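**Q** The following block contains the structure, expressed as structure tokens.
The values are calculated or read from the model by the stated rules, or taken from the named source; none is laboratory data. Since this is a predicted model, take the numbers as computed values, not measurements. Cβ atoms come from the backbone with ideal geometry, glycine included; neighbour counts cover every protein chain shown.
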Amino acid sequence: MTTSTLYFNSKDTPFPYGPLGLAAYAAVPYVFDEDGRALELAGAGKSAKGSEEVLKALADATHSWGERSQVEPYLQQAAQLASLTAFAEVTGALDGLDDHLALRTYLSGHSPTVADWALWGALKGNNVVAGILKRGVHVHLARWAAHLDALEPVQTALAALLEARSSKNKSAKKAAAASSFALGLPGAEEGKVVTRFPPEPSGYLHIGHAKAAMLNQYFAQMYKGKMIVRFDDTNPSKEKSEFEESILEDLALLGVHADQVTHTSDWFDKLYELCVELIKRGKAFADDTEQEQMRAERTERLPSKRRDMTPAQTLARFEEMKAGTAEGQRWCIRAKISYDDVNGALRDPVIYRCNMTPHHRTGSAWKVYPTYDFACPIVDSLEGVTHALRTNEYRDRNPQYHWFLAALGLRDVHVWDFSRIAFIYTLLSKRKLHWFVNEGLVGGWDDPRFPTVRGIRRRGLTVEGLKQFILAQGPSQSQLLLEWDTIWALNKKVIDPVAPRFWAVLKENAVKVTLAGVSGVEVKSVPRHKKNPEVGEKKTVYSGEVYVEQEDAVSFDDNEEITLMDWGNAFVRSKEKDANGVITHIAMELHLAGDFKKTKKKVTWLACPTPAHPLVNVVLKDYDYLITKKKLEEEDKVEDFVTPVTEFKVAAWSDANVLDLAQGDIIQFERKGYYILDSLQGAKGQETLEFIRIPDGKAAGVASKAEQPAAVEEKPAKAKKQPKGTPPAGTDPKAHGAAAPKKEKHAGAAPPAPAAPRVAGAPVPGPAPEQGTRVVHSDGDKGFEIPVPTSMFTVKPIYGEKAVPIQPGSGMFAVKNVYDP
């Protein structure tokens, strides 16, 4: 990996896309619009300018030449193509490239070389080329360009460029940094970077911890270094060894694996020695000030009465603390930094305190323990950490971090800040999450409604989806309250290409369909995923009796041609209903010669069960947010904002193919959504599978169900031309043998909102009819009557009721009315 940095001017025309693509793909740091610098690759005392020279320098630094003799001609062609504008010349060049790529993924070799990026950039920067490619003639060239476009690092780089160009109120450099981690770590050297993830073993990891863990691993791998997982076990009152095991399991679920696992407690002896050294240097003192008074003094920037205690006196108190005597338990050790600094973190922080609780690793060997603020920088330095990644909530503590290292003469460590992750309707506080568990409102720390790693993985969030989301956040310092739609949309892109497709039919009011002309039972193999044959095949049962859902049955018109998915078309010949209007049976006639492209309704179905081909009981589960407020403030009580109902279950049938699934498998129930198999219960032959719905990022799927707006009466859609035999608007369709219109389902919808109060004295038109029908004539005031559905108020036509006569000189010919007798 190169230690150079690539600089761009986002306003350059044509923009050097080739260098940007190669830099992004090879993880070379890049910056937009820094002090007006034009395209330049700078670093290690060397510099390259201009698109061609930069491409060659990048190829040298990133070993992207491939077979050089084959690649160099393409660099020359890219330079020529970038400036071509004559249609014939451009078309000729594209024809040759298209032919070359007909049986190739890349121009040369089995991975992108500098040739690919040079030509990709030339095509992208030439508007004439872009127009020609849109015509769809050069299919192989277009496929190659689209593939390079779609690579994740390239997408990130192009997004950074777009943001840099559109930035108005911020420097473009910051805009680009907010979109990409490609800027890298300051002072990083390949093979020497050491990062660390320091969780406290006092609870389960949540999505906020996941960001920190994945970023630490990302940078360690980016620089071919190593990552340490260090358990910050400095508070025995909260920590347990079980939590260490669960944290390592959670990290494994995230695909995060430590190169080394350590504990702060491994360094207790050394930390004690360094605290003694700090006291001897006059940079720490013992204090027995009561906690509330100490807090007030720090707030008011007042010195402690013990601040001038001599090192000898402080050491004596520290020995009492170490022994855990009654006298020692009254004292703590504070760093002597500054009692009145504008930064509160520097106002003589506590660095050692007594705790008589046995430690889960060291037992009762210690009675004094270092604080995180004291131990963290020291252990970072001692363990060889080069870059400490911390959320920017610790930014005020960064000077304190460096002060401890300087005061003790230890090697300094780069501190790199990133924004803390937060989502709407989501709690990350351990205390508040504990409350939900203790109140029995959730099933445990792995509940799908929880933001814990176990919870979100159980909900169906993949490691790759989470990783893409975190990297897409970039090193932005902005504290944002994020929506959940983006992360679930990214997750959908990961699972959709590989999730096998199955069908499920809701049990409630399921409708039996009899298909005329079908005899016996037939089993066929069909693809599990129509667009990805590698997903495999499934067995589909075909018979003369099938089930469809009530909602689909209600939508069928008599004699309508519909499509039974994976089978063919069928005509709806008759429907039977019970006393409540619920459809109980449908007679259909199979029409396999029909064109599925011409039908409006494609429905899923399941063959009615037989002993040889039973259906499987499934439960489909969906969830709402645990709280009804997007963000709880400090003064808010969580119990005041608990969502009344957060779990929703429906019973359904599925075919026997789902029995081949394992817990945690992700599938799609077609026309319902994506699901993850959560559990399998019951004896063989009586199994019930529970599936959890995976949000897909669409607004309806991530909206709070507890905050649905009051239902309002919808306006009728614009009238469309009706087929022959359609009953007149405003009449009862049942009287004409037509199906009643399908009603929309609004889960938990509130009753209609009351009408707004009328303003006194305001002119109000007459009310619109509930189902407005206006009669017009085919020729002004005469001709045959035409009933027109409308929700508009009745007003007098501005031209009067009569037809507008044709005025002399209008330029129109007078013709006899075609409707006159």
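**Q** Please determine whether any residue of region 334-342 is in contact with a Pro (Cβ under 7 Å, 6 or more places away or on another chain) and free of Cβ contacts under 8 Å to residues at least 60 places away in the same chain.
**A** yes
**Q** Ok, one more. Please identify the pairs in which a residue from region 665-690 that is farther than 18 Å from ARG457 by Cβ and part of a strand (DSSP E or B) has its Cβ atom under 6 Å from the Cβ atom of a residue that is modelled with pLDDT of 95 or more and aromatic (Phe, Trp, Tyr), counting only partners at least 6 apart or on another chain.
**A** GLN668/TYR674; PHE669/PHE502; PHE669/TYR675
**Q** Can I ask one more? Scanning region 684-707 for residues that are small (Gly, Ala, Ser) and in contact with a Phe, Trp or Tyr (Cβ under 6 Å, 6 or more places away or on another chain), which turns out nearest to LYS672 (Cα to Cα)?
**A** So in region 684-707, the residues small (Gly, Ala, Ser) come out as 685, 697, 699-701, 703-704, 706.
Now restrict to residues that are in contact with a Phe, Trp or Tyr (Cβ under 6 Å, 6 or more places away or on another chain): 697, 704.
Details: GLY697: 14, SER704: 19 Å.
Per the criteria, the residue is GLY697.
**Q** Is there a residue being crowded, with 17+ Cβ neighbours inside 10 Å and touching a Gly at 6+ places or on another chain (Cβ under 7 Å) anywhere in region 540-553?
**A** Scanning region 540-553, I find no residue that is crowded, with 17+ Cβ neighbours inside 10 Å and touching a Gly at 6+ places or on another chain (Cβ under 7 Å), so the answer is no.
**Q** Return the only residue of GLY191, GLY225, GLY187, GLY203 being at pLDDT below 90 and touching a Lys or Arg at 6+ places or on another chain (Cβ under 8 Å). Break it down into steps so the answer makes sense when it comes.
**A** Numbers: GLY191 fails: at pLDDT below 90; GLY225 fails: at pLDDT below 90; GLY187 fails: touching a Lys or Arg at 6+ places or on another chain (Cβ under 8 Å).
Exactly one residue qualifies, and that residue is GLY203.
**Q** Working only within region 216-250, note down all residues that are farther than 21 Å from ARG457 by Cα and surrounded by fewer than 17 Cβ atoms within 10 Å (Cβ to Cβ).
**A** GLN221, LYS224, SER237, LYS238, LYS240, SER241
**Q** In the set GLY136, GLY121, GLY125, which member is farther than 14 Å from LEU20 by Cβ and either assigned by TED's automatic domain parsing to the domain that holds ALA27 or modelled with pLDDT of 90 or more (or both)?
**A** Values: GLY121 fails: farther than 14 Å from LEU20 by Cβ; GLY125 fails: farther than 14 Å from LEU20 by Cβ.
None of the others qualify; the one that does is GLY136.
**Q** Let me ask you something else. Pick from TYR425, TYR394: which is modelled with pLDDT under 95, over 24 Å from ILE351 (Cα atoms), aromatic (Phe, Trp, Tyr) and within 30 Å of the chain's Cα centre (by Cα)? Full working, then the answer.
**A** Details: TYR394 fails: over 24 Å from ILE351 (Cα atoms).
Answer to the selection: TYR425.
**Q** How many residues does region 335-367 contain that are surrounded by 17 or more Cβ atoms within 10 Å (Cβ to Cβ), out of contact with any Leu (no Cβ under 6 Å at 6 or more places or on another chain) and more than 22 Å from ASP233 (Cβ to Cβ)?
**A** Going through region 335-367 one residue at a time, the tally reaches 6.
**Q** Moving to a separate point now. Here are GLU277, GLU320: which of them is modelled with pLDDT of 95 or more, among the charged types (D, E, K, R), crowded, with 19+ Cβ neighbours inside 10 Å and more than 47 Å from the chain's Cα centre (by Cα)?
**A** GLU320
**Q** Given the residues LYS512, LYS493, LYS507, which is the only one that is among the basic types (Lys, Arg) and within 30 Å of HIS206 (Cα to Cα)? Working first, answer last.
**A** Numbers: LYS512 fails: within 30 Å of HIS206 (Cα to Cα); LYS507 fails: within 30 Å of HIS206 (Cα to Cα).
Matching residue, one of LYS512, LYS493, LYS507: LYS493.
**Q** Which condition number does SER304 fail, the rest of (1) in a helix (DSSP H, G or I); (2) over 30 Å from VAL463 (Cβ atoms) being met?
**A** Result: SER304 fails condition (1) only.
**Q** Also, quick follow-up: For region 505-601, list the strands (runs of 3 or more DSSP E) that sit wholly inside it and hold at least 2 residues that are free of Cβ contacts under 8 Å to residues at least 12 places away in the same chain; which are they? Explain how you work it out, then say what you get.
**A** Numbers: elements: 511-516, 521-527, 537-543, 545-548, 561-564, 568-577, 583-591.
Filter on region 505-601 gives 568-577.
**Q** Could you list, in sequence order, all residues of region 67-97 that are under 18 Å from VAL114 (Cα atoms) and of a type outside the set (S, T, N, Q)? I'd like the intermediate steps shown before the answer.
**A** Of the residues in region 67-97, the ones under 18 Å from VAL114 (Cα atoms) are 67-82, 97.
Listed by number, the residues that qualify are GLU67, ARG68, VAL71, GLU72, PRO73, TYR74, LEU75, ALA78, ALA79, LEU81, ALA82, LEU97.
**Q** Sticking with this one: Could you list, in sequence order, all residues of region 323-346 that are assigned to a helix (DSSP H, G or I) and under 24 Å from TRP403 (Cβ atoms)? First the steps, then the outcome.
**A** Taking region 323-346 and keeping what is assigned to a helix (DSSP H, G or I), we get 323, 328-330, 344-346.
Residues satisfying the conditions are GLY344, ALA345, LEU346.
**Q** While we're on this one: All but one of (1) in contact with a strand residue (DSSP E or B) (Cβ under 6 Å, 6 or more places away or on another chain); (2) within 22 Å of LYS597 (Cα to Cα) hold for GLY568, so report the exception by its number.
**A** (1)
Quick grid of which residues meet (1) crowded, with 17+ Cβ neighbours inside 10 Å; (2) assigned by TED's automatic domain parsing to the domain that holds ALA157; (3) of a type outside the set (Asp, Glu); (4) touching a His at 6+ places or on another chain (Cβ under 8 Å):
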| position | (1), (2), (3), (4) |
| --- | --- |
| SER429 | no, no, yes, no |
| PHE436 | yes, no, yes, no |
| ASP446 | yes, no, no, no |
| ARG449 | yes, no, yes, no |
| VAL453 | yes, no, yes, yes |
| LEU471 | yes, no, yes, no |
| LEU481 | no, no, yes, no |
| LEU490 | yes, no, yes, no |
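**Q** Only one of ALA593, ALA579 is closer than 25 Å to SER525 by Cα, surrounded by fewer than 15 Cβ atoms within 10 Å (Cβ to Cβ), out of contact with any strand residue (DSSP E or B) (no Cβ under 6 Å at 6 or more places or on another chain) and among the hydrophobic types (A, V, I, L, M, F, W, C). Can you tell me which?
**A** ALA593
**Q** While we're here: Looking only at region 272-301, how many residues end up being assigned to a loop (DSSP other than H, G, I, E, B) and of a type in the set (S, T, N, Q)? Steps first, please.
**A** Step one: of region 272-301, the residues assigned to a loop (DSSP other than H, G, I, E, B) are 281-283, 288-290, 300-301.
From what's left, of a type in the set (S, T, N, Q): 289.
The number of residues fulfilling the criteria is 1.
**Q** Six or more apart or on different chains, Cβ atoms under 7 Å: show the pairs whose first residue is in region 203-231 and farther than 13 Å from ASP259 by Cβ and whose second is surrounded by fewer than 23 Cβ atoms within 10 Å (Cβ to Cβ) and small (Gly, Ala, Ser).
**A** Close Cβ pairs (under 7 Å, with a partner that is surrounded by fewer than 23 Cβ atoms within 10 Å (Cβ to Cβ) and small (Gly, Ala, Ser)) amount to TYR204/SER246; MET222/ALA27.
**Q** Return the residues of region 295-317 that are at pLDDT 95 or above and of a type in the set (Val, Ile, Thr); say none if nothing qualifies.
**A** Matches in region 295-317: THR310, THR314.
**Q** Applying the selection to region 629-672, what residues are farther than 30 Å from PRO614 by Cα, among the hydrophobic types (A, V, I, L, M, F, W, C) and exposed (fewer than 15 other Cβ atoms within 10 Å of the Cβ)?
**A** VAL645 - this is the single residue of region 629-672 that is farther than 30 Å from PRO614 by Cα, among the hydrophobic types (A, V, I, L, M, F, W, C) and exposed (fewer than 15 other Cβ atoms within 10 Å of the Cβ).
**Q** Only one of these is under 26 Å from the mean Cα position of the chain (by Cα), farther than 20 Å from GLN473 by Cβ and not aromatic (Phe, Trp, Tyr): VAL413, VAL442. Name it. I'd like the intermediate steps shown before the answer.
**A** Values: VAL413 fails: under 26 Å from the mean Cα position of the chain (by Cα).
Exactly one residue qualifies, and that residue is VAL442.
**Q** Report yes if ALA717 is more than 30 Å from ARG528 (Cβ to Cβ), surrounded by 11 or more Cβ atoms within 10 Å (Cβ to Cβ) and either at pLDDT below 85 or under 25 Å from the mean Cα position of the chain (by Cα) (or both), otherwise no.
**A** In short, no.
**Q** Answer yes or no as to whether VAL618 is outside the structural domain of VAL518 (by TED's automatic domain parsing), modelled with pLDDT of 95 or more and among the β-branched types (Val, Ile, Thr).
**A** yes
**Q** Would you please name the residue that is nearest to ASP269 (Cα to Cα), looking only at residues in region 368-424 that are buried (at least 16 other Cβ atoms within 10 Å of the Cβ) and without any contact (Cβ under 8 Å) to a residue 24 or more places away in the chain?
**A** Across region 368-424, the extreme among qualifying residues is ASN398.
**Q** In region 436-475, which residues are of a type in the set (Val, Ile, Thr), modelled with pLDDT of 90 or more and either part of a helix (DSSP H, G or I) or out of contact with any Leu (no Cβ under 8 Å at 6 or more places or on another chain) (or both)? Outline the logic, then answer.
**A** Residues of region 436-475 of a type in the set (Val, Ile, Thr): 437, 442, 452-453, 456, 462-463, 470.
With the extra rule that they be modelled with pLDDT of 90 or more, the set shrinks to 437, 442, 452-453, 456, 462-463.
Across region 436-475, the qualifying residues are VAL437, VAL453, ILE456, THR462, VAL463.
**Q** Also, quick follow-up: Just for helices (runs of 4 or more DSSP H) wholly inside region 20-124: which have at least 2 residues that are over 26 Å from ARG165 (Cβ atoms)? Spell out how you get there, then give the answer.
**A** On the way: elements: 51-62, 68-81, 87-100, 114-124.
Result: 51-62, 68-81, 87-100.
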